[in-house]
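The values are calculated or read from the model by the stated rules, or taken from the named source; none is laboratory data. Keep in mind that what you see is a predicted model, and the values were worked out from it rather than measured. With ideal geometry, Cβ positions are generated from the backbone for all residues, glycine too; neighbour counts draw on all protein chains shown. These area figures cover heavy atoms from the full protein model, side chains too; ligands, DNA and RNA do not enter into them. Shrake-Rupley method; radii C 1.70, N 1.55, O 1.52, S 1.80 Å.
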Amino acid sequence: IISTSSSSFDSRTNKLRGMVLALASYAANPPSEETKAKLFELYHPSLNEEENEDQDTESKDAVELATLALQCGQKMAAPESALSSLLEQEGNELIKNLLLIYSCNAF
């Protein structure tokens, strides 16, 4: 029998894995400026802590996982790689928003 906490852990692990993969894919195949603008119009939870107080648990969890996925990307990025370049050129907020868009829209 699988406990609820184990199932929740597996779900979080899979979501984190997907976010890291989305980050690497975005770095390897950056979209055009037009596509990027459309992408960032998609729904994603706010990163503003004051606004997060009113968000549901799932949204708060997504923000927490996006932060963790960014940290994973920073630790795993090889020097001079596309991922390393993306992390150096783009702000953390933009990258977290990208990860939240992936998480909340699951294309």
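Counting only protein heavy atoms and a 1.4 Å probe, tell me what percentage of segment 12-107's accessible area is made up of carbon and sulfur.
After summing per-atom areas, the C and S share lands at 49 percent.
Counting only pairs 8 or more places apart or on different chains, how many lysine pairs in the chain have C-alpha atoms closer than 20 Å?
For the chain, the number of qualifying lysine pairs is 7.
Return the Rg/Rh value of the chain, two decimal places, where both radii are evaluated on C-alpha atoms and Rh is the Kirkwood radius.
Ratio of gyration radius to Kirkwood radius for the chain: 0.99.
Whats the longest run of the chain with zero GluC sites (Glu not before Pro) that are DSSP loop and have at most 13 other Cβ atoms within 10 Å?
In the chain, the maximal stretch lacking such sites is 1-40.
Subtracting the Cα-Cα distance from 0.36 nm times the residue separation, let me have the gained length for Glu33 to Thr57 in nm, one decimal.
5.4 nm
Over the chain, what is the relative contact order in whole percent, taking alpha-carbon pairs under 8 Å and six or more residues apart?
42
Where does segment 42-102 land on Rg(C-alpha)/(2.2 N^0.38 Å)?
1.20
What's the angle, to the nearest 10 degrees (0 to 90), between helix 4-28's Cα axis and the longest principal axis of the chain?
The angle comes out near 10 degrees.
Do the sum for the chain: with -39,500 (n - 2.57) for every DSSP H run of n ≥ 4, divided by all residues, what is the mean residue ellipticity at 222 nm, to the nearest 500 deg cm²/dmol?
The helix contribution divided over the chain gives -23000 deg cm²/dmol.
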